[in-house]
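What follows is a short report on a single structure.
Laboratory data are not the source of any read-out in this text; all were calculated from the coordinates shown. This structure is a prediction, so every number in the text was calculated from the model and none was measured. Note: ideal-geometry Cβ built from the backbone for every residue, glycine included; neighbour counts use all protein chains shown.
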Amino acid sequence: MKRIAAIVLFCAIASVTMAQSGYDNAYTPPDVAKFVKTLTKQQQEELKAVTTESKKTLEEYRRQLIDMHKEIQHYYGLPGDRSSELFPLYAQRSALYVKIDQAKYRTKMRIDKILTEDQQKELRENLEHERQKREIKKQLTMFLHPSTQK
């Protein structure tokens, strides 16, 4: 019984931590103009409209996700079996993650329609380069400050 309680507590903490971590920054569409240097004025305007709309949608989903994590956390703090309250919340959270993934993919497709094939390639290469830089920085930070890692 204690083992189950420990697992439930760990899951609750992990859920809240993930909702409050930098993970939700992944819900921001890329600033294409930063990664593609050959954009026309028309492309820049179209991209700005797409990313602005996407940011609003994803920010709303992120808020819903944070609220949902708080509600789930609330039930973990209560005594007794809360399956009837928690399981529907888990289903809603899963559905919200699907909506987020779909919104991110729709944004990617809309951006791809605006860019030429060469610009798409340039964007992918530059985004991958940025991802690699972040990963190296993360590893370096973990190496230099191992005491801050748990």
Simple spin-label model, 7 Å along Cα-to-Cβ: Gln102 to Tyr90 in nm?
-> 2.2
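Quick one: if you take sqrt(5λ) for each eigenvalue of the C-alpha gyration tensor of region 109-148, what semi-axes come out, biggest first, whole angstrom? Don't jump to the answer; show the numbers that get you there.
Details: eigenvalues 225, 16, 3 Å².
For region 109-148, the ellipsoid semi-axes come out as 34, 9, 4 Å.
To the nearest 20 Debye, how big is the dipole of region 41-95 about its Cα centre, given +1 on the beta carbon of each Lys and Arg and -1 on that of each Asp and Glu?
Values: 9 positive and 9 negative charges, 38 e Å.
In debye, rounded to 20, region 41-95 gives about 180.
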The exposure ranking of Arg82, Arg124, fewest beta-carbon neighbours within 10 Å first, is Arg124, Arg82
Under 17 Å from a point 7 Å along the Cα-to-Cβ line of Glu59: which residues of region 91-120 have their amide N that close?
-> 104
